[in-house]
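A quick write-up on the structure given underneath.
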Amino acid sequence: MSPYEIRIIGDPILRSVATPVSEIDGTVAKICEDMLATMYEAPGVGLAAPQVGIQKRLFVYDIGDGPQVVVNPILAEGDGEWVFDEGCLSIPGLSWEIVRPREVHLTGCDLDGNEISIETDEYEARVFQHELDHLDGVLLIEHLDDDQRKEANRILRQRETLRESPSPTSAGGGIRLP
Ligand code: ZN
C-alpha cells in the first residue's frame, strides 16, 4: 500500500505555491522515499510533494534510469516546441496533447546536497516542466485551450456529481476488509 494518498484535483493544496526546503535532513529523505513508493505504486513517472499534501519544493521521478530526487528545483525553459499527450496522477484518467518548450535546463540539488544541473529535452524535459508546475500550484487544466478546458470541466463536474449522489449499492463503502 502507498505511504501517501495522492491528492486529486479539487484539493486546494494542489493550487498553492510550495515553499523552498531550508534543510535537507532525515525527514526530507523519508518524505522522498515515501513519495517514490507512492509514485511507483500509482504507477507514475513523476510526483511532486504538493500531490501528497506536502508544500515543499521537491519532486521525485523515474523515467527508466532509476529513482531520482530533486530538491529546490529551478527550471529554465529552452528552445523549441514539443507536443506530448500529457496526463497527471492528480487528474486520473484524463490526458491532453499539450505544447511546451522542447528543451529545458533544470538545476537544484539531491538528497546529499550535491548540485544537480541537467540539460535535457522532449520526454524528460516534459516531466520536469510538469512537476515544476505542481510546485507553483499549476495544474494541466491551465495549459488547455478554451474548448479543451470546457470539456475537461464538464467531465470533472460529472465525476463530482457521481461522487456526491448517494447510491444504495455503494453505501457503507462496499466490502470491508480486515
Ligand atoms: Zn501532475
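If you build a Gaussian network model of the chain, linking Cα atoms that sit under 10 Å apart, which residue out of Pro92, Pro67, Pro50 swings the most?
Pro92
Starting at 0 and stepping by 5 Å, how many percent of the alpha carbon pairs of the chain end up in each bin?
Pair shares across the bins are 1, 8, 15, 19, 20, 15, 9, 6, 4, 2, 1, 0.
Give me, ordered by chain and number, the residues 5 or more places off Arg102 or on other chains with an amide H under 5 Å from its own placed amide H.
Gly80, Glu81, Trp82
With Cβ to Cβ distances under 11 Å as the rule, what net charge do the other residues near Ser2 carry (K, R +1; D, E -1)?
After counting each charged neighbour, the total is -3.
Values quoted throughout were computed directly from the atomic coordinates according to the rules given, and no laboratory measurement underlies them. Remember, it's a predicted structure, so these values are computed and weren't measured experimentally. When we count neighbours, we look across all protein chains shown, and the Cβ atoms used for this are built from the backbone with ideal geometry, even at glycine.
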